[in-house]
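See below for the structure under consideration.
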Amino acid sequence: MAVPHKIMMIFGTRPGAIKMAPIITEMRSLPDQFDPIVVVTAQHRRLLDQVLNFFAIEPDFDLNTMQPRESLSERTSKMLHHLDNVINAAQPDMILVVGDASTTLAAGLAGFYHKIPIGHVEAGLRTYDKYAPFPEEANRQLTDVLSDLYFAPTTLSRDNLLAERHSASNIFVTGNTSIDALKYTVRSDYHHPTLDKIPANHRILLLTMQRRENLGTPMRRVFHAVRDIVETNSDVDLIYPVHPNPDVVAMANDLLGDRDRIHLVDPLDVLDFHNFAARSTLILTDSGGVQEEAPALDKPVLVLRNKTERPEGVTAGTVRLVGTFPEEIQRAAFELLNDNREYKKMAHAPNPFGDGNAAKRILQVIQDYFDNKEKQTE
Ligand code: UDP
């Protein structure tokens, strides 16, 4: 019988874990084909652990080396060093990386130095502005230079990779595995004390905001804008899971704390966040992943950024880019809260980011890759 392929999955952040979890879960159901090795760098320790716990993933290697406020150079070089040892110890047949974190780049580089084939999950996203988002845009471009298999979530991300002269035969449009994750999390019988506190006839705005480039003044503007939206709509409640960055916590408490119908909560587990999103009327976010997930739940999204590496949502009409100035945010929010036709148009636009079967497609591609390789050596 053929020996299962040792696939090492390396990730370190919450979105990385959410996108890798459906692949790990799927792999576990195919033990004759795959031997998954899970490596976490724990770039976001607490947020990462919430996802690992929910999906019952116990890492084989937990590097846990991150320190608060370390520089990107320190972080990346430390990860590279540790990943070198992990790869030497486990000798994987393939490495899978995901997204655009510092972990993604470090893992890609470590795999490349060992001449191990690399598969990039969520390949081909681009703004083509190397400082926006920083350092993610450079992380993903550099990772794609080092990769062998490209799992592009959409045809647009495939086209970006083709334009960069990556070989068409190595690029696969799979959808995004974050949509797969919703199958495990969203439940019709879900309850939570914060949701139970909100009257049934109230509409929920869900806010997430934590991008580096939005810290400081842009965040202050957005907090003022959402406060005004809540104050002027007596049937609207705002829920904001506050990112643990101390500057964000301080500003959120200052501008949004102790106010009627504003609920500041700790970062939510993936189970909670997905179910909160499913109960919301409107989502305001600067997150990448939330832009993909919300349309799968039929929720309009206002994106608190001027640029997105996911323009598919804008084209499909599932998201609107509103930046961080109050006028635009308030105009869009008022329209969606008061114009049912506009709301429905956005809520029911088809989700361009996937159908929930990305992990299955990715595993099929990996299996085919090894089958072809075996044929070539016969
Ligand atoms: N998310 C979560 N709890 C929260 C907020 C977000 O589990 O309180 C999830 C969300 O569903 C999405 C991911 O975290 O899958 C997005 O993470 P983040 O905004 O940190 O990163 P980005 O997607 O911008 O890379």
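Which residues' amide hydrogens lie under 5 Å from the amide hydrogen of ILE262, considering only partners 5 or more residues apart or on another chain, with H built in the peptide plane?
LEU238
Note down the net charge around SER169, summing +1 for each Lys or Arg and -1 for each Asp or Glu among other residues with Cβ under 14 Å from its Cβ.
Net local charge, SER169 excluded: +1.
Quick one: which residues, 5 or more positions from ALA123 or on another chain, have an amide H under 5 Å from its amide H? H modelled 1.01 Å from N in the peptide plane, none for Pro or chain starts.
For ALA123, the qualifying residues are PHE151, ALA152.
Cα to Cα, under 26 Å, and not fewer than 8 places away if on the same chain: which lysines meet these conditions relative to LYS299?
Once the sequence-local lysines are set aside, what remains near LYS299 is LYS19, LYS183, LYS197, LYS307, LYS344, LYS345, LYS360.
Expected output is a single nm value to one decimal: the length gained when fully extending between HIS114 and ALA56, i.e. 0.36 nm times separation in residues minus the C-alpha distance. What is it?
In short, 17.9 nm is gained.
For the range 87-162 and the range 205-267, what is the separation of their Cα centres, given in Å?
Each part reduced to its Cα centre gives a spacing of 33 Å.
Under 16 Å between alpha carbons, and skipping anything fewer than 8 positions from LYS373 in its own chain: which lysines qualify?
Within reach: LYS6, LYS115.
Springs between alpha-carbon pairs under 10 angstrom, Gaussian network model over the chain: which of THR103, THR155, THR232 fluctuates most?
So, out of THR103, THR155, THR232, the one fluctuating most is THR232.
Looking only at chymotrypsin sites (Phe, Trp or Tyr not before Pro) in DSSP loops with at most 12 other Cβ atoms within 10 Å, what is the longest site-free stretch of the chain?
132-378
I'd like the trypsin sites (Lys or Arg not before Pro) in the range 33-110 restricted to DSSP loop residues with at most 14 other Cβ atoms within 10 Å, sorted by number.
ARG69
With only alpha-carbon atoms in the gyration tensor, what are the semi-axes of the equivalent ellipsoid for the range 149-237, in Å, largest first?
38, 22, 10
Need one number for the range 247-323: average projected area of the convex hull over its C-alpha atoms, nm².
Averaged projected hull area, Cα only: 5.8 nm².
FYI, it's all coordinate maths here, none of it is from the lab. Please read these numbers as outputs of a predicted model, since none were measured by experiment. Don't worry about glycine lacking a Cβ; one is built from the backbone with ideal geometry, like all the others, and counts go over all protein chains shown.
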